[in-house]
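Report on the structure given below.
Every number here is computed from the coordinates shown, using simple stated rules; none is lab data. Nothing here was measured: the structure is a model prediction, and the numbers come from that model. Quick reminder, even Gly has a Cβ in these numbers, built from the backbone with ideal geometry, and neighbours come from all protein chains shown.
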Amino acid sequence: MRIAVIGGGAAGLVAAGSATGAEVEVFEHNDKLGKKIYITGKGRCNFTNVCDDETFLSSVVRNAPFLRSALSVFSPYSAVALLEDNGCKTKTERGRRAFPASDKASDVIKALSSYAKANGAQFRLGVDITDISYDGSVFKIAVDGKTETFDRVILCAGGLSYPTTGSDGSAYRFVKKFGHTVIPQTPSLVGLKTNEDLSCAEGLTLKNVSICAEGLKPIFGDAMITSDGISGPVALTLSAYLARREKPYAIYVDFKPALSAEELDARILRDFSAGRNKSFKNVLDGLLPKSIIPFIIERSRIAPDKPVNSVTRNERQALVETLKRLRLEVTGTEGFERAVITCGGVDVKEIYPKTMMSKLCRGLYICGEMLDVDALTGGYNLHIAFATGYAAGVHASGDKYD
Ligand SMILES: Cc1cc2nc3c(=O)[nH]c(=O)nc-3n(C[C@H](O)[C@H](O)[C@H](O)COP(=O)(O)OP(=O)(O)OC[C@H]3O[C@@H](n4cnc5c(N)ncnc54)[C@H](O)[C@@H]3O)c2cc1C
């Protein structure tokens, strides 16, 4: 049995290692394996989230039920064991996030490569696959102008995010040829752009804020102001839930989620009376980081030089409203160049969830980020690549199409 694995990333290397008993060739158009893994987790590679299946699936934003079977076979504990067994010691940090003990993503790549190599996989690097066809008995693959034949093909060529790592979307055209539906892709886990001028606070981290949008529960945590919008953990999570929402849309920042509007008003009154001889612009230091104050003052529509003892009750209400529900209009995202993951991809209704085989073409398996499955940050996305790659490898190398 000859199997072609297209893509030497997270899904491809696990597929190549788990396709036991088969003659496996991994085609990768970069001259190195796992180029994207190298930059994951800021170079530390948060490779899985050590949790039970239900917790895992609750962090999958799109098509969680599709993953149930693959996850039950290849759990986060399996990922830890696979790396440990292949020479990469691991550790688990806050939020059950697992990393290589060395904090080096390159150690994860080495371990995954060893796993694939131990199964006899051949790596064909710097090789671009430009076409795949099936004549009813074998797959024909166009490799650098020549055709090679294989019994089965595992497609794991990634999504559209960070195209410089090699995931350039070239393989979507192959699946379309086989009749697959590709759900339109949008960037996810990505910074949001707004049309407000937040430049005064560029680079500021807003600690313990909450942000919500219509139809979405508030998301708590830290956010970062960028040159043209908002990024950081809360914004990334928002971007995942809102990846398919038509823009522009509004989001609402609560700078003081621990206080009710009444409690915040009381706090402001206390600050005002403590600084009763000051102007309005000089009494907000205790409430907000300095650099965001000019923006908040502008939004509250209170004259910055107004003596604080003449700020009216209505004006104070406007300030409370600004701090509890600052409206920002999201006009776009930082795009695929900066997105951690792709929302959209091959429609999972056309894939068998146990085996990752295409329902439209026997012997063709599709896994990893190419599929219309994506999750939040925390190690879930790499694990999805591992678990779906594992299912594809195990079943592609089997005698039967089960
Ligand atoms: C900056 C960043 C940080 C991230 N951090 C984390 C993290 O800490 N934890 C986490 O869980 N997830 C993280 N992710 C997401 C994670 O990297 C992906 O979910 C995962 O890499 C997807 O694996 P994959 O194998 O499906 O695709 P990829 O890793 O993209 O691999 C696909 C491979 O196929 C190759 N290829 C494509 N087309 C062809 C072709 N035509 N011929 C030959 N080869 C081809 C590509 O070069 C690529 O190497 C991060 C992503 C980014 C961008």
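General observations
- Peptides 226-237, 280-291, ordered by how many other C-beta atoms sit within 10 Å of their residues on average, highest first, read 226-237, 280-291.
- A simple spin-label model places pseudo-atoms 7 Å from Cα toward Cβ; at residue 77 and residue 146 they are separated by 4.6 nm.
- The chain - convex hull of alpha carbons, volume per residue in Å³: 134 Å³
- Net dipole in debye of the chain [+1 Lys, Arg Cβ; -1 Asp, Glu Cβ; about Cα centre; nearest 20]: 740 debye
- In terms of overall dimensions, segment 38-93 has a Cα radius of gyration and Dmax of 12.3, 33 angstrom.
- Packing rank of 109-122, 255-268, 135-148, where each peptide gets the mean count of other beta carbons within 10 Å, highest leading: 109-122, 255-268, 135-148
- Between residue 266 and residue 94, the FRET efficiency estimated from the beta carbon spacing at R0 = 41 angstrom works out to 0.75.
- Cα long-axis angle, helix 232-241 against the chain (0 to 90 degrees, to the nearest 10): 60 degrees
- Taking the fewest neighbouring Cβ atoms within 10 Å as the starting point, the ordered list for 28, 337 is 337, 28.
- Dividing the Cα radius of gyration of segment 191-334 by its Kirkwood radius returns 0.98 for Rg/Rh.
- Extending 7 Å from Cα along the Cβ direction at residue 101 and again at residue 131 yields two label points whose distance is 5.1 nm.
- Relative protection proxy for 306-314, 348-356, from highest mean packing down: 348-356, 306-314 (other beta-carbon atoms within 10 angstrom).
- Length gained on full extension, residue 20 to residue 220: 67.5 nm, using 0.36 nm per residue less the C-alpha separation.
- Extension gain for the segment residue 347 to residue 279, taken as residue separation times 0.36 nm less the Cα-Cα distance, is 18.6 nm to one decimal.
- For segment 1-100, diffusion coefficient by Stokes-Einstein and Kirkwood Rh (Cα), 10 °C, 1.306 mPa s, µm²/s: 106 µm²/s
- Ordering 61, 102, 118 by the projection of their Cα atoms onto the charge dipole of segment 54-188, which places +1 on the Cβ of Lys and Arg and -1 on the Cβ of Asp and Glu, puts 61 at the extreme positive end.
- About the centre of its Cα atoms, segment 191-334 shows a dipole size close to 360 debye [charges on the beta carbon of Lys, Arg (+1) and Asp, Glu (-1) only; nearest 20 debye].
- Proximal aspartates and glutamates relative to residue 247, as straight alpha-carbon distance under 16 Å, when same-chain residues fewer than 8 apart are discounted: 196, 214, 228, 329, 334
- Fraction of beta bridges assigned by DSSP in the chain that are antiparallel (%, nearest 5): 75 percent
- Nearby lysines by direct alpha-carbon distance to residue 42 (threshold 18 angstrom, same-chain neighbours under 8 apart not counted): 91, 104, 110
- Tilt relative to the chain, helix 380-396 - C-alpha long axis, 0 to 90 degrees, to 10: 10 degrees
- Filter on 193/349; 36/324; 193/281; 36/146 - keep pairs with C-alpha separation over 31 Å: 193/349; 36/324
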